[in-house]
1. Can you give me the number of residues within the stretch 32-74 that are buried (at least 24 other Cβ atoms within 10 Å of the Cβ) and more than 14 Å from the ligand (Cβ to nearest atom)?
2. Filter the stretch 151-164 for residues that are more than 12 Å from the chain's Cα centre (by Cα) and assigned to a strand (DSSP E or B) and give the result.
3. Can you name every one of the helices (runs of 4 or more DSSP H) wholly within the stretch 1-98 that holds 3 or more residues which are at pLDDT 55 or above?
4. Being under 14 Å from the mean Cα position of the chain (by Cα), crowded, with 17+ Cβ neighbours inside 10 Å and among the charged types (D, E, K, R): is that true of Arg107 here?
5. Taking the stretch 219-247, which residues are in a loop (DSSP other than H, G, I, E, B) and closer than 18 Å to Gly148 by Cβ?
6. Scan the stretch 182-225 residue by residue and report those that are of a type in the set (D, E, K, R) and in contact (Cβ under 8 Å) with a residue 40 or more places away in the chain.
7. Could you list all residues from the stretch 228-245 that are aliphatic (A, V, I, L, M) and more than 15 Å from Met203 (Cα to Cα)?
8. Would you confirm whether any residue within the stretch 162-177 is more than 27 Å from Tyr42 (Cβ to Cβ) and without any contact (Cβ under 8 Å) to a residue 24 or more places away in the chain?
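The values are calculated or read from the model by the stated rules, or taken from the named source; none is laboratory data. Keep in mind the model is a prediction, meaning the values are calculated, not measured. So basically every Cβ, Gly included, is an ideal-geometry build from the backbone, and we count neighbours across all protein chains shown.
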Amino acid sequence: MSKYLIINRIIVALGVCLALLPAAGAQQQQQYFDVPFVPTPYVVIEEMLRLAKVTPQDYVMDLGSGDGRVLITAAKRYGASGMGVDLDGDLVAESQASAADAGVSGRVSFQQQDLFKTDFSRATVITMYLLPGVMMRLQPRLLDLKPGTRLVSHDFRLGDWKPDVTTQIRKNTFLWIVPAKLAGPWKINADLPGEKQAIELEMRQQYQEVDGYGKFGSRHAQIWEARLTGDQLSFVMVDDRDRENEAALYFEGRVNGDVIEGRVRRGTGNAQTVHPWRAVRATAK
Ligand SMILES: C[S@@+](CC[C@H](N)C(=O)[O-])C[C@H]1O[C@@H](n2cnc3c(N)ncnc32)[C@H](O)[C@@H]1O
């Protein structure tokens, strides 16, 4: 190989390396920080915490906590405790100093760690100002949290999971309440007047939206007005076992794993009677 060719190859190789350097740097930065630091304005923080109905009993986790302002406000204004995580060590140090200045460092802590490696099972409220791709990746883990956990986000949604509440005060804010898992077959025993019959129910679920159908005695039974908020379920069925004396059954109950327990009101006004009911998850056929 001629001297000229060797020098030429070295120059080309150097050029390629130089061209790739910024891209490699950007990729490294992107891998490290999934979202850049942009602080949430205080009025938007107020709205997020108002939507989540934060109280002193809450443990709030801010995923990507930036300068700590969301959590410090939750502690100062609402008496909550909690934890913030951020990959940026300088922001974590700044948050710890601000928490001390605000007199809330006994209740809130900040850790330098990756939100994707953080256990948030202790949270009763989660706050986020992240990007859509990050929200999509988090969605399955958030959906698996304890029913009733409140999730609030500034500006971005959790994929196709419809928010329970959306408000707009300068910016969009969204609230989701983690729903209990209901989909599948259930068997209800209700202490209703008349012949004792179990009600078989097949529930369908898309996030917090539920409906279903079942069998009551020998008849098919439709479910009406089904609502699921966290672990609180309500729905209506019509008791038409005796066509001369049919009435709506207003079921209300709390879902606890494979059991639902509550009360059912039969009829309305002075004809109303109230009875306990219990359902257990039936093994899918
Ligand atoms: C848009 S800022 C929001 C800051 C704060 N939550 C607020 O609302 O003011 C997003 C923050 O997420 C942090 N971040 C990005 N990727 C992260 C990751 N994988 N784990 C933890 N924090 C991350 C960034 O350093 C940045 O501070």
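1. Count: 1.
2. Matches in the stretch 151-164: His154 only.
3. 42-51, 69-78
4. In short, no.
5. The answer is Gly230, Asp231.
6. Lys187, Asp191, Glu195, Glu200, Glu209, listed by residue number.
7. Once the filter is applied, which keeps residues that are aliphatic (A, V, I, L, M) and more than 15 Å from Met203 (Cα to Cα), the stretch 228-245 yields only Val238.
8. No - not one qualifying residue is present in the stretch 162-177.
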